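Enquirer: Here you go, one structure.
The values are calculated or read from the model by the stated rules, or taken from the named source; none is laboratory data. Everything numeric in this text was worked out from a predicted model, so none of it was measured. A quick note on method: Cβ atoms are made from the backbone with ideal geometry, for glycine too, and the neighbour counts reach across all protein chains shown. Keep in mind that these areas ignore ligands, DNA and RNA; they rest on the heavy atoms of the full protein, side chains included. Shrake-Rupley method; radii C 1.70, N 1.55, O 1.52, S 1.80 Å.
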Amino acid sequence: MKPSSLTFVKTYSGENIDSLYKRITEDIVLDGKDITFGHAGEPKRAREIFAVIQIYGKAIDDVLAGITPENFRWAGDKITDYQDSFLVPLCDVGKRQGDDTDFEYTYIELMRKFQTIEGEIDQMEVSKEKLEENLQTKIQSNQNVGTIYHPMYWNSHNPPCFNWYQVRLLDDNQVSLRLLFRSNDYGDAVWANLCGIAKAFDELVIKPAGCELVEIILTSTSAHIYANEADLAKKVSGFDWDREANEKKSPILRLLGHK
């Protein structure tokens, strides 16, 4: 028997984003570990699992179109506007126009104007060039990677949650996009971020290289839902946040593989 202190690890694969969102939320609610995390000045209570999610087919089409799952809080223009924010000209990346948030960066800024001692690097342009080379030589490579986290944010209260990516040529001109998040809010953020980041790679890297995005693999080392989002979690999963309230269903839940 596994010690209860170990992380609950789960993998998912599919092309129906509604079904995926429901299954993941269900596992977080029923099997996730209750944690208090963040920092001393702002501790947060949540329930988490370690999740690896593979999407393909219609799910790719939906994400690129800015479509989010049923019952996800954000949809419509809010998502497509967020996608558009990733596609601003390079000269406008990093400009704060009417941005009243306290974040020190945007993801597209770290992707396209990554700071080094030798100056800024446009990682998206580098990835496009590497992908073009892979396609031309017909040689698959694991070296087309980029980093979003920067050590300059080591003491920040809001270091980037999105940390690393890989653009991997598969068969013919088909591409797999792999994303690593150190922390993923599955109540309010995950599908919005996925729509924005996928759109950026498709428009700035994959299509310009003459390729097609056919797969995304998202690794969330902390796929969590905050305790104050319990009502949303129940709406999505159909299960109560209070596990004792689900006790009458426990024989069925155990048959389905839940704790």
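Enquirer: Under the 0.36 nm per residue contour assumption, what length would be gained going from the current alpha-carbon distance of residue 133 and residue 42 to full extension?
Expert: Taking residue 133 through residue 42 to full extension adds about 28.1 nm, to one decimal.
Enquirer: Ok, one more. Note down the nm distance, to one decimal, between modelled labels 7 Å out along Cα→Cβ at residue 153 and at residue 125.
Expert: 2.2 nm
Enquirer: Looking at the chain only, what percent of DSSP beta bridges run antiparallel? Nearest 5 please. Walk me through the numbers on the way to the answer.
Expert: Values: 30 of 46 bridges.
DSSP beta bridges in the chain are roughly 65 percent antiparallel.
Enquirer: Please report, for the Cα atoms of region 152-247, the Rg to one decimal and the Dmax as a whole number; what are they, in angstrom?
Expert: 17.1, 53
Enquirer: Is it possible to state the helix-based mean residue ellipticity at 222 nm for the chain, with each DSSP H run of 4+ residues giving -39500 (n - 2.57), the sum divided by total residues, to the nearest 500 deg cm²/dmol? What is it?
Expert: Result for the chain, helices only: -9000 deg cm²/dmol.
Enquirer: What does the extension gain come out to for residue 71 and residue 90, with contour length at 0.36 nm per residue minus their alpha carbon separation?
Expert: That works out to 3.4 nm of additional length.
Enquirer: Could you grab the relative contact order for the chain? Cα pairs under 8 Å, six or more apart, rounded to a whole percent. Show your work: numbers first, answer last.
Expert: Working: 439 pairs, mean separation 67.7, N = 259.
Taking the mean separation of contacting Cα pairs over the length of the chain, I get 26 percent.
Enquirer: How much of the accessible area of the chain, probe 1.4 Å, is carbon plus sulfur, in whole percent? The partial results should precede the final answer.
Expert: Working: 6850 of 13630 Å².
Carbon and sulfur atoms account for 50 percent of the accessible area of the chain.
Enquirer: Let me ask something else. So between residue 234 and residue 171, what do we pick up on full extension, going 0.36 nm a residue minus the alpha carbon distance?
Expert: Stretched fully, the residue 234-residue 171 segment lengthens by 18.6 nm.
Enquirer: Right, here's the next one. Grab the eigenvalues of the alpha-carbon gyration tensor for region 52-184, scale each by 5, take roots, and send me the semi-axes largest first in whole angstrom.
Expert: 25, 22, 15
Enquirer: Relative to the first principal axis of the alpha-carbon coordinates of the chain, what is the inclination of helix 17-31, with its axis defined by its Cα atoms, in degrees from 0 to 90 and to the nearest 10?
Expert: 50 degrees
Enquirer: Let's see if you can work this out: charge +1 on each Lys and Arg Cβ, -1 on each Asp and Glu Cβ, no other charges. What is the dipole magnitude of region 18-74 about its Cα centre, in debye to the nearest 20?
Expert: Details: 8 positive and 10 negative charges, 30 e Å.
Dipole magnitude for region 18-74 comes out near 140 debye.
Enquirer: A follow-up question, please. What is the packing order of peptides 234-241, 130-137, taking the mean over residues of other C-beta atoms within 10 Å and listing the highest first?
Expert: So the peptides 234-241, 130-137, ranked by packing, come out 234-241, 130-137.
Enquirer: Which of the following values of Rg/Rh (Cα atoms, Kirkwood Rh) was calculated from the structure shown: [x] 0.98; [y] 0.93; [z] 1.13?
Expert: Structure-derived value, by its label: [x].
Enquirer: Per residue, what volume in Å³ does the Cα convex hull of region 145-207 take up?
Expert: Taking only Cα atoms, region 145-207 has a hull volume of 90 Å³ per residue.
Enquirer: I would also like to ask the following. Can you tell me the equivalent ellipsoid semi-axes for region 1-47? Use √(5λ) from the Cα gyration tensor, largest first, whole Å.
Expert: They are 25, 16, 8 Å, listed from largest to smallest.
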